1. Calculate log10 I(q)/I(0) of region 1-110 for q = 0.12, 0.21 Å⁻¹, where I(q) comes from the Debye formula with a single equal point scatterer on each Cα and nothing for solvent.
2. Would you calculate, for the chain, the mean residue ellipticity at 222 nm contributed by helices, counting each DSSP H stretch of 4 or more residues as -39,500 (n - 2.57) and dividing by all residues, to the nearest 500?
3. Identify which of G36, G135, G23 has the largest mean-square fluctuation in a Gaussian network model of the chain, with springs joining Cα atoms closer than 10 Å.
4. Just to be sure I understand: with springs between alpha-carbon atoms less than 10 Å apart, which residue in T128, T178, T159 has the highest mean-square fluctuation in the Gaussian network model of the chain?
5. When the label point is put 7 Å from the Cα of I110 along its Cα-to-beta-carbon vector, which residues of region 1-31 have a backbone N closer than 19 Å?
6. Quick check: Cα centre of region 1-57 to Cα centre of region 62-87, how many Å?
7. Counting other Cβ atoms within 10 Å of each Cβ, which GluC sites (Glu not before Pro) in region 125-192 have at most 14 and sit in a DSSP loop?
8. What FRET efficiency, computed as 1/(1 + (r/R0)^6) with R0 = 35 Å and r the Cβ-Cβ distance, is obtained for I45 and S155, rounded to the nearest 0.05?
Amino acid sequence: AVFFANPRGSSGYGDDFSSVLTGHWGEMEHEDLMAGIDVLVEKGITDPDRLGVCGLSYGGYMTCYMVGQTDRFKAAVSENPITDLFSRYATTDIGPSFSPGEMGGLPYEIPEVYRRGSPTVHAHQCTTPTLLIQGEADYRCTAEQSEEFYGILRSNGCTVEMLRFPKCSHLGAITGPTFVREAQNTALLEWM
């Protein structure tokens, strides 16, 4: 089964629903997604011993966030994620213009908000085998974000691998060359 959700912070239910995450990245979406998984398990749609999680961009962020919060997943694939909200502010193409509005202020004004929402802070708790897929020419979610998460998982004994695509942009696995899309799909399926 594949579970696609519309957790708090996403679109489709108006401005209040989509803006509720300001200063609370990861928290409410994690609750919503885990509640959805609980329903799927309760109804017998999915096996609680065979859960995987994956996502791209913000979905990649949530994948990294979730595996630092729970050990329920047996496999994770995070593609072009944000993993450290502090370094994201200064290293991505939209960090300085996007982060203050999303977080509710600048990193030095509200460091606890940036820290709380950063998957790297919780990564040492991760036990889920994780594959990171990264476009090296991604300026929205830069390669160093995946590298930070990879390094923390590896140094804490978690099974982790990274697949990097040279000259690939943020959506390279969707709009990039056919061989990249095929390699991404194959890696995702094999990891799961």
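Rule-based calculations on the coordinates, nothing more; no lab input. Nothing here was measured: the structure is a model prediction, and the numbers come from that model. Neighbour counts are summed over all protein chains in view; Cβ atoms, including those assigned to glycine, are modelled from backbone coordinates with ideal geometry.
1. Debye output, listed in q order: -0.46, -1.21.
2. After summing the helix terms and dividing by residue count, I get -13000 deg cm²/dmol.
3. G36
4. Greatest mean-square fluctuation among the candidates belongs to T178.
5. Residues passing the 19 Å test: 8-10, 15-31.
6. One Cα centre to the other: 13 Å.
7. Values: sites: E136, E144, E147, E148, E161, E182, E190; in loops: E136.
Those satisfying the criteria are E136.
8. Details: r = 36 Å, r/R0 = 1.04.
Computed FRET efficiency for I45 and S155: 0.45.
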